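The values are calculated or read from the model by the stated rules, or taken from the named source; none is laboratory data. For clarity, every value in this text was computed on a predicted model and none was experimentally measured. We place every Cβ from the backbone using ideal geometry, glycine too, and count neighbours over all the protein chains shown. When the accessible area is computed, the model is the full protein with side chains, heavy atoms only, and any ligands, DNA or RNA have been set aside. Shrake-Rupley method; radii C 1.70, N 1.55, O 1.52, S 1.80 Å.
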Amino acid sequence: MVITVRFAPSPTGFLHLGGLRTALYNYLFARKHDGQFLLRIEDTDQQRVVPSSIGDIINVLNWAGIKPDKGPFSQEDVPNYVQSARIKLYNEKANELLDKGLAYRCFCSTTRLDLLRREAIKNRSIPRYDNRCRHLTDKEVDEKLSSNARYAVRFRCEEQIISVDDLIFDETTFDLKNSEGDFVIIKSDSFPSYHLANVIDDHSMNVTHVLRGEEWLLSTPKHLMIYKAFGWEPPRFAHIPIILNEDGKKLSKRHQDLGVMNLKSRGFYPETIINYLILSAGGYEPKSPRMSTLEEIVENFDLTKINRARCKISHSKLKAFNRQAIKIKLEEDRKGFLSSLRDYLKQRFTSELINDETDEHLIFLFTESQGRYSNFGEFADEIGFVWTECQPSWSCDQFIPLGDIEKSIESVLNLIAKEWDSSESRIDKLSFVKTFCSENKFDYRLVMKFLRYSLVNHEIGLPVGQMLFILGKEEFIRRVRNGIQYTKSQLAST
Ligand SMILES: [Zn+2]
């Protein structure tokens, strides 16, 4: 028997870390057991489909180095791996269940079903279908069919106790008395429900192990009932605990910053993401503190060692991993590093300015802060002042204690023009300014604050001395003079 697993995302937008982790575990399991890793697209909820996302999913998997063995990579393969191209098959299979009396047609209107749901919520009970159409006679059904009434197909669900033997959660028992009633397998638009399509596909694609998100554990008894109805052997299940954002909320399409493509464009590396995901969710223990390669992870991967607890994304850990990856890239693949850095910067700043930058200067800017940046976004936030002059919008009242702004700041600028020497005054060595301020009774911290606002329009960022070092004396002085003019005019108009 060939171990076969599948990653089966819905193409409803970008793939985030949670989705990538599911794909990763499937990949690792397949490689570990010399098996097959399939990509299947579950697009039966057509209203939510975002057409570009199939391509994005494939690109993300390739980028992460976890390429599926089979999937909808060519037009020929679409009918094999894209559910919307397999609607006929699901309907044929549902008809088999109808013929066997294991399913039935439900003619209830959405109004009636909504009413049932609202009633249940009002009575604080679980919303469930009351199985009304189960009891329609053949004659009643024929009459409705001949009048072209719309219908869904429901699975006849017996009250029973079903246990799911999960490879991660062990055995979980479900009492179907508390279930939602007979569930839909074919919707009134003749598209299948998730439950039906995923069972038929897993069976017809010879899937032996279903590794998917914990949110599907609750649905697994339904899937087991469908397998039984068809007389098929079910696969083994392994449900992977949900991944949460730092705030404890489930990852969703709202968490744009945790979209894999977004992380990629910000300069996160695949090895960072893979090492981070596996270390936070378990299944592999590294033998050394450095990052592991995919081959090393495959070799020591153990599905049953995946943590049962839900894991929370730690942004700071993710960044720490990427700092490590960047350090390696700077040593081993400087050219590749620079090319992705340039691509990113061109999206944020004027392309010509970035093209004009030499490789040496970009590396200087990136490494000047001694490994502080974990990604391109952080770098651009802090170094962006090099390529964009700030539009002053700060509140000027805070600088009133400096007295005559022009006079006091100009005297500081004159001093910098005279005393500052780029060859020795690196980083924050502006102590001569401090001495000058105390001799002249200027508030040194307020002076520095003014200089900083003139350069970046806010309080956070690099030390002023470092910005001076990066910009050079002339440009620094020119920009601070603009700040003086802005402040003067603001204070004069109030
Ligand atoms: Zn009904």
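Condition (residue is within 16 Å of the ligand (Cβ to nearest atom), buried (at least 16 other Cβ atoms within 10 Å of the Cβ) and aliphatic (A, V, I, L, M)) applied to segment 33-48: is it met by at least one residue?
Within segment 33-48, the subset within 16 Å of the ligand (Cβ to nearest atom) is none.
Scanning segment 33-48 turns up no residue that is within 16 Å of the ligand (Cβ to nearest atom), buried (at least 16 other Cβ atoms within 10 Å of the Cβ) and aliphatic (A, V, I, L, M).
Residue-by-condition table, conditions (1) open to solvent by 70 Å² or more (accessible area, probe 1.4 Å); (2) in contact with a Ser or Thr (Cβ under 6 Å, 6 or more places away or on another chain); (3) more than 16 Å from the ligand (Cβ to nearest atom); (4) farther than 23 Å from D43 by Cα:
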residue: K67; (1), (2), (3), (4): yes, no, yes, no
residue: Q75; (1), (2), (3), (4): yes, no, yes, no
residue: V78; (1), (2), (3), (4): no, no, yes, no
residue: A94; (1), (2), (3), (4): no, no, no, no
residue: C106; (1), (2), (3), (4): no, no, no, yes
residue: S109; (1), (2), (3), (4): no, no, no, yes
residue: A120; (1), (2), (3), (4): no, no, no, yes
residue: R124; (1), (2), (3), (4): yes, no, yes, yes
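Of all residues in segment 205-235 being among the hydroxyl-bearing types (S, T, Y) and more than 25 Å from the chain's Cα centre (by Cα), which is surrounded by the most Cβ atoms within 10 Å (Cβ to Cβ)? Quick ask: steps written out before the conclusion?
Step one: of segment 205-235, the residues among the hydroxyl-bearing types (S, T, Y) are 208, 219-220, 227.
This time we only want the ones that are more than 25 Å from the chain's Cα centre (by Cα), so: 208, 220, 227.
On the way: T208: 17, T220: 23, Y227: 16.
Among those residues, the one meeting the criterion is T220.
Go through segment 457-468 and give me each residue that's crowded, with 20+ Cβ neighbours inside 10 Å and in contact (Cβ under 8 Å) with a residue 60 or more places away in the chain.
L462, M467
Just for segment 344-387: of the residues that are in a helix (DSSP H, G or I) and hydroxyl-bearing (S, T, Y), which one is farthest from L471 (Cα to Cα)? Spell out the reasoning first.
Of the residues in segment 344-387, the ones in a helix (DSSP H, G or I) are 344-348, 351-356, 359-367, 376-386.
Retained after the next criterion (residues that are hydroxyl-bearing (S, T, Y)): 344, 351, 367.
Working: Y344: 21, S351: 19, T367: 15 Å.
Ranking the qualifying residues of segment 344-387, first place goes to Y344.
Among (1) away from the ligand (no atom under 16 Å from the Cβ); (2) assigned to a helix (DSSP H, G or I); (3) in contact with a strand residue (DSSP E or B) (Cβ under 6 Å, 6 or more places away or on another chain), there is one condition V199 misses while meeting the rest; what is its number?
(3) is the only condition that V199 fails.
Quick one: is E171 within 16 Å of the ligand (Cβ to nearest atom) and without any contact (Cβ under 8 Å) to a residue 12 or more places away in the chain?
On the way: within 16 Å of the ligand (Cβ to nearest atom): no; without any contact (Cβ under 8 Å) to a residue 12 or more places away in the chain: yes.
Criteria not met by E171.
Quick one: which of R154, R128 is within 14 Å of the ligand (Cβ to nearest atom) and at pLDDT below 95? Let's see the steps before the verdict.
On the way: R154 fails: at pLDDT below 95.
Result: R128 is the single residue among R154, R128 that is within 14 Å of the ligand (Cβ to nearest atom) and at pLDDT below 95.
Name the residue that is nearest to the ligand (Cβ to nearest atom), counting only residues in segment 134-149 that are surrounded by 12 or more Cβ atoms within 10 Å (Cβ to Cβ) and in a loop (DSSP other than H, G, I, E, B).
Filtering first and then ranking leaves L136.
List the helices (runs of 4 or more DSSP H) that sit entirely inside segment 259-342 and contain at least 2 residues that are open to solvent by 40 Å² or more (accessible area, probe 1.4 Å), at pLDDT 90 or above and not acidic (D, E). Even if it seems obvious, please write down each step before you answer.
Details: elements: 260-265, 270-281, 294-299, 315-332.
Where helices (runs of 4 or more DSSP H) fall fully within segment 259-342 and carry at least 2 residues being open to solvent by 40 Å² or more (accessible area, probe 1.4 Å), at pLDDT 90 or above and not acidic (D, E), they are 260-265, 315-332.
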